[in-house]
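Everything on this sheet refers to the single structure shown next.
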């Protein structure tokens, strides 16, 4: 948050600034380690690992063994039966629906927001600012809160219980953050570049395609991940705006499966493990983009 | 246009419905005055839900902020094996709230094992942690923390990386110890980061729905019914859209007010760049 600008005054003015690069003595380097924080990190690491370990471990157990309560010991009779049960309960259908919802949401958000952000950055008028402000207002509206009117509206529009009923609201709710990030990125493109393109007689559309989009690829990838994550992980829209089995997505499907399996907890855990795999793979492949997309969830 | 249709219009429509009595979606809605708002003001269930939501918010903040700050600042430095560590740390980020809630519901199932072995340690001899009001609240705070801690840690890590190293060097020359450095440099320099993270925790906890819905179902009884879950129950179990809308509108007003207040109090003025604090 632009700390560099206000950092200088808070440094003690009586201390002359005379730092030169040198190797610190060993005692000083040891002092830099922070045992309390290291310990906290270690404890938290355990807190994160244990449930995940139990999830994967118990998902390999037959139901009887899991009910015996020895969840921390490696599965004695490891079996993939739970996984095959999940895969035969229509898991691929859930996955397919989820992929469709996610991809269409991303596409919709980008198609709408990229030109809009460009217009807001270039127009600089009072009206563009107003549009931007209205969108920022949307940051303050949490999805669960307006689900009632949304439900009534979606029913009246005749798209209730279709994948569109999930896609449209999800995309709309991803727009404020998307716009915020894209406007921020596009503002960083220097004025000279626009001017030189204008001098060569480029139209706005050409500027958008040949200058703005290539230069804001980092922002675009961030918002794609952000929109994709909120579509991939969203529960409340599919829960309330769809009801039939063929429109189940991963989140509502997991919920249905877990109540269907009941006391067969290992099967539920196998479904949970499977549901995490696509994101885990994505995380390993595109860690940087994913992390900055997650940061976008924070509404910054 | 599109955004307006799905976010702004519902907000206005929600305000309208909140004046329509106990309309349940049959026939058309008519304005009947402020009955819902009156009922909202007098409803003891809502009062309890409000208290619970505030408790949940405060406890979540107290739980997440210190730990996230500690680990975030620590992770901003150079450590060995940090890549491996952060990969493991961020596992909760790739799981959905739904998956996380269902996972903990399974783990905390008293018949299934983990809860009955952990329960006695923390004062639940029969392992039925979710069956007690305080246990349910504690688990909501814990599961929320489990899910969002890596995210806030990331925010603090980003914030701490932006603190100029020269400040610490100057302090070291002045003979300031590590703890003094933390309180006089790290903490003041992180104030914007703290605001951002706090606003997110507050708004997130105020409107948390998924964890309550899946993990505790508002129970035992109504002991863990938060405001947004009460709204869901009113709308989709009792089919009283008017009342649920009044509740939702009040919730938006409160959460907006609170975040504006937090932002003002901490002097976090204009957002100059979207990448601030990352």
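Taken together, the values in this text are just the output of simple stated rules run on the coordinates, not laboratory data. Model, not experiment: these values are computed from the prediction. Every residue, glycine among them, receives a Cβ derived from its backbone with ideal geometry; neighbour counts consider all protein chains shown.
Quick one: Cα centre-to-centre distance for segment B:127-173 and segment B:206-220, in angstrom?
21
Please give the average number of partner chain Cβ atoms lying within 10 Å of the Cβ of each residue in B:128-136, rounded to a whole number. Working shown, then result.
Details: counts 0, 0, 0, 0, 0, 0, 0, 0, 0.
Per-residue shielding by partner chains comes out at 0.
Just want to confirm a number: the relative contact order over segment A:188-272, from Cα pairs under 8 angstrom separated by 6+ residues, in percent. Kindly include the intermediate steps, with their values, before the conclusion.
Details: 26 pairs, mean separation 13.8, N = 85.
After rounding, I find 16 percent.
Could you compute the FRET efficiency for residue A:99 and residue B:183, with r as their C-beta to C-beta distance and R0 at 60 Å, rounded to 0.05? Intermediate values should be presented prior to the final figure.
Values: r = 49 Å, r/R0 = 0.81.
Calculated transfer efficiency: 0.75.
What is the order of A:152, A:134, A:177, fewest Cβ neighbours within 10 Å to most?
Numbers: A:152 21, A:134 14, A:177 28.
Lowest count first: A:134, A:152, A:177.
Once you put a point 7 Å from the Cα of residue B:44 and another 7 Å from the Cα of residue B:222, both along the Cβ direction, what distance in nm separates them?
Those two pseudo-labels are separated by 1.0 nm.
Please rank A:80, A:226, fewest neighbouring Cβ atoms within 10 Å first, as an exposure proxy.
Numbers: A:80 11, A:226 26.
With the sparsest Cβ surroundings first, the list reads A:80, A:226.
Return a whole-number percent for the relative contact order of segment A:89-297, with Cα pairs under 8 Å and 6 or more residues apart as the contact set. Provide the component values of the computation, followed by the final result.
Numbers: 198 pairs, mean separation 67.1, N = 209.
About 32 percent, as a whole number.
Looking at the square roots a ≥ b ≥ c of the eigenvalues of the Cα gyration tensor of segment A:89-297, which shape do they give, rounded for a/c under 1.5, prolate if a/b is larger than b/c, or oblate?
prolate
Taking 0.36 nm per residue of separation and subtracting the Cα-Cα distance, what length does fully extending residue A:46 through residue A:209 add?
On the way: separation 163, 0.36 × 163 = 58.68 nm, distance 4.79 nm.
The span from residue A:46 to residue A:209 would gain 53.9 nm if fully extended.
What length, rounded to one decimal in nm, is gained on full extension from residue A:81 through to residue A:287, with 0.36 nm per residue of separation minus their alpha-carbon distance?
The span from residue A:81 to residue A:287 would gain 71.0 nm if fully extended.
Is the C-alpha gyration tensor of segment A:192-247 telling us rounded, prolate or oblate? Criteria: a/c under 1.5 is rounded; beyond that, a/b larger than b/c is prolate, otherwise oblate. Show your work: numbers first, answer last.
Numbers: a/c = 5.80, a/b = 3.31, b/c = 1.75.
Prolate, since a/c reaches 1.5 and a/b exceeds b/c.
How high is the FRET efficiency between residue A:192 and residue A:126 when r is their beta carbon distance and R₀ equals 25 Å, given to the nearest 0.05?
Numbers: r = 25 Å, r/R0 = 1.02.
With R0 = 25 Å, the Cβ-Cβ based efficiency is 0.45.
Based only on other Cβ atoms within 10 Å, what is the fewest-to-most ordering of A:255, A:232, B:61? Each step should come with its number before you reach the end.
On the way: A:255 21, A:232 24, B:61 16.
Lowest to highest Cβ neighbour count: B:61, A:255, A:232.
Which whole-number percent is the relative contact order of segment A:129-239 (Cα, under 8 Å, 6+ apart)? Could you put the intermediate results ahead of the total?
Details: 53 pairs, mean separation 44.2, N = 111.
Here the relative contact order equals 40 percent.
Working from the alpha-carbon coordinates of segment A:100-169, get Rg over Rh, Rh being the Kirkwood radius. Provide the component values of the computation, followed by the final result.
Details: Rg = 14.8 Å, Rh = 14.1 Å.
Here Rg/Rh amounts to 1.05.
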